[in-house]
Amino acid sequence: MRVLMRALGATLVALGLWTAGAGAADRIRVVATTTDLKALTEAVGGNLVEADALARGSQNAHDLEVRPSLMVKVRRADLLIMNGLELDQWAEVVVQGANNPRVIPGAPGRVDASSGILVLEVPTTRVDRSMGDVHPVGNPHYTVDPGMAPSITANILEGLARVAPEHRAAFERNRQEFLGRLGQAMRRWSAELAPYKGVKVIVDHNMWPYFLTRFGLVQAGSIEERPGIPPTPGHLTKLIASMKEEKIRVILTVPWGDQKLAERVAQEAGARAVVVASAVGAVKGADTYLDTVDYNVRAVAQALAH
């Protein structure tokens, strides 16, 4: 009989009709649009949540291909956590296809992680497509700044507590423990980059204003002449000349960017192209949110030290 039960159990697991872990079915099913938000959700939710992300860390979260597999994830979700600020507008198509009333706009299972943050680079003039990938409501890449994590995790906590109010105390304990570790790391990161305050860097994509502002660095230019649009030869010539004149020695480049172009510009300008993690999981070793920021701080500090 025991052999028969084991065989039956293995069959049910294979068919997805039985969960092996006790209580696994009781976990709050959370889908985040990015890996940063997934990681921060896991920090707050702990073992009470089962979190997944729609975009991979190595992908450009602006332009994700909407696939049926993403709709399946959202169809099962109790909570959907959006980056907001128009970074992940494609997720609305996923939500429509998922047909899950729990996570539609305005539903209790919908979280905008950007709620209440200080948004940078909000345009003061009318925005149109000729300007490239300029966001009318401001720069959406706030999660790369660890100083935003307290606000983001507060938004996530409120969303989790709406769908599972009985666990609010546990979520609050998890968040405070995470913020304690974050605070210790922030002191270390600030000290590591303190010698370089005011130093200018170049980026390949305009996703670093929050990070650079947090640590006192200055974005002096971008390989992209306009966000999301490949540069013209004339723009690159001017950029290289400016880098030489101002002695700018570092280009920050994202894993999904044009690495060869960044290397060529760096070589001609006498600089270094440094790959930084655009999100959790974007590079090897950036497996958690704190690991990702740690990687970026270390990479930037080492590059500026040369």
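Values as computed for the structure displayed
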| read-out | value |
| --- | --- |
| Residue match in the stretch 80-93 (condition: of a type in the set (A, V, I, L, M, F, W, C) and over 18 Å from the mean Cα position of the chain (by Cα)) | yes |
| Answer residue from the stretch 279-289, given it is open to solvent by less than 30 Å² (accessible area, probe 1.4 Å) and in contact with a helix residue (DSSP H, G or I) (Cβ under 7 Å, 6 or more places away or on another chain) and is nearest to Ala61 (Cα to Cα) among those | Ala279 |
| Odd one out for Leu40 among (1) open to solvent by less than 50 Å² (accessible area, probe 1.4 Å); (2) at pLDDT below 95 | (2) |
| For Trp256: the one exception among (1) farther than 24 Å from Glu192 by Cβ; (2) touching a Leu at 6+ places or on another chain (Cβ under 8 Å) | (2) |
| Subset of the stretch 253-263 (residues that are within 16 Å of Val201 (Cα to Cα), of a type outside the set (S, T, N, Q) and either without any contact (Cβ under 8 Å) to a residue 12 or more places away in the chain or touching a helix residue (DSSP H, G or I) at 6+ places or on another chain (Cβ under 7 Å) (or both)) | Glu263 |
| Residue within the stretch 115-123 that is under 29 Å from Asp294 (Cβ atoms), part of a helix (DSSP H, G or I) and either in contact with a Gly (Cβ under 6 Å, 6 or more places away or on another chain) or at pLDDT below 95 (or both) present | no |
| Residue match in the stretch 188-210 (condition: free of Cβ contacts under 8 Å to residues at least 24 places away in the same chain, farther than 18 Å from Glu42 by Cα and under 21 Å from the mean Cα position of the chain (by Cα)) | no |
| In the stretch 36-56, the residues that are in contact (Cβ under 8 Å) with a residue 60 or more places away in the chain and small (Gly, Ala, Ser) | Ala39, Ala43, Gly45, Gly46, Ala55 |
| Failed criterion for Val137 (all others in (1) closer than 28 Å to Asp63 by Cα; (2) at pLDDT 95 or above hold) | (2) |
| Residue check, Gly234 of a type in the set (Gly, Ala, Ser), under 28 Å from Pro146 (Cα atoms) and modelled with pLDDT of 95 or more | no |
| From Glu86, Glu92, Glu121, Glu158, residue being over 27 Å from Val254 (Cβ atoms), open to solvent by 50 Å² or more (accessible area, probe 1.4 Å) and not β-branched (Val, Ile, Thr) | Glu158 |
| Residue that is least open to solvent (accessible area, probe 1.4 Å) [pool: residues in the stretch 43-83 that are assigned to a loop (DSSP other than H, G, I, E, B) and farther than 22 Å from Met207 by Cα] | Ala77 |
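The values are calculated or read from the model by the stated rules, or taken from the named source; none is laboratory data. What you are looking at is a predicted structure, and each value in this text was computed from that prediction instead of being measured. Here the Cβ is made from the backbone with ideal geometry for all residues, glycine too, and neighbour counts use every protein chain on show. We work out accessible area using only protein heavy atoms, side chains counted, and drop any ligands, DNA or RNA first. Shrake-Rupley method; radii C 1.70, N 1.55, O 1.52, S 1.80 Å.
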